[in-house]
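Written below as structure tokens is the structure these notes are about.
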Ligand code: HEM
């Protein structure tokens, strides 16, 4: 435990924390998507699923606390890594490879910040029910449909999902690299599996506002 805490002082330790919390958030996104697509099976399915989650009581709060902790540690570590990268910059780029890495890192901080803003907006909307009239804490289906029937809200969501996709796309690559999956044997994972899962997550999330706008879900 102490060794893990001590390794956080190093750049590799911070990157490791980002990789692990990023992987946990990746799994949260898959779970959240599997829950959300219940909307395609009708109001009872989605609302029963939401009621089931709430009925788990402490387990749900434990999961929420875990997601929040991963989110905060991921953001905090990303800021420390960005500062460390900037401090290292005056020494110049040793090779083209480091140039590529730093360009990816710059994109990550922008897409990550936008995703953070999106999550705050999203929580205000669906968890704290602060943004729209007619929302009900017991009718998640109706809240989602009412929201996405407004093209501006759907547009914000779709744009945020595309930014999330860019973040996951680079994130999957960086995570593989940090966790040592960088040998030739892991090339298919880095090039195919990570990006394919990221694309499937984004397509799954985008399908919901699209289905509501098209009137398939109402
Ligand atoms: C079409 C896309 C999405 C829909 C329809 C959706 C729907 C919802 C709903 C209805 C809730 C509230 C659940 C409740 O308290 O009853 C929620 C919570 C949440 N969503 Fe989403 N979501 C979407 C995308 C996302 C994305 C992309 C992220 C992360 C980047 C995300 C992160 C969260 C978080 C962190 C919570 C709080 C979880 C909790 O309080 O238990 N959501 N979402």
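Among the helices (runs of 4 or more DSSP H) contained in segment 125-218, which hold 2 or more residues that are farther than 27 Å from residue 109 by Cβ?
On the way: elements: 140-148, 151-178, 194-213.
Hits in segment 125-218: 140-148, 194-213.
Yes/no per residue for (1) more than 17 Å from the chain's Cα centre (by Cα); (2) crowded, with 17+ Cβ neighbours inside 10 Å:
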| residue | (1), (2) |
| --- | --- |
| 3 | yes, no |
| 10 | yes, no |
| 18 | no, yes |
| 28 | no, no |
| 35 | no, no |
| 39 | yes, yes |
| 44 | yes, no |
| 49 | yes, yes |
| 53 | yes, no |
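Of everything in segment 161-207, what is within 15 Å of the ligand (Cβ to nearest atom), out of contact with any helix residue (DSSP H, G or I) (no Cβ under 6 Å at 6 or more places or on another chain) and in contact (Cβ under 8 Å) with a residue 12 or more places away in the chain? Give them in sequence order. Result: 162, 197, 199, 207. Once segment 22-48 is narrowed to residues that are free of Cβ contacts under 8 Å to residues at least 40 places away in the same chain and in contact with a helix residue (DSSP H, G or I) (Cβ under 6 Å, 6 or more places away or on another chain), the residue that is farthest from the ligand (Cβ to nearest atom) is 45.
Readers should treat all values here as calculations from the given coordinates under stated rules, not as data from a laboratory. Since the structure is predicted, the reported quantities are computational estimates derived from the model, not experimental observations. Cβ atoms come from the backbone with ideal geometry, glycine included; neighbour counts cover every protein chain shown.
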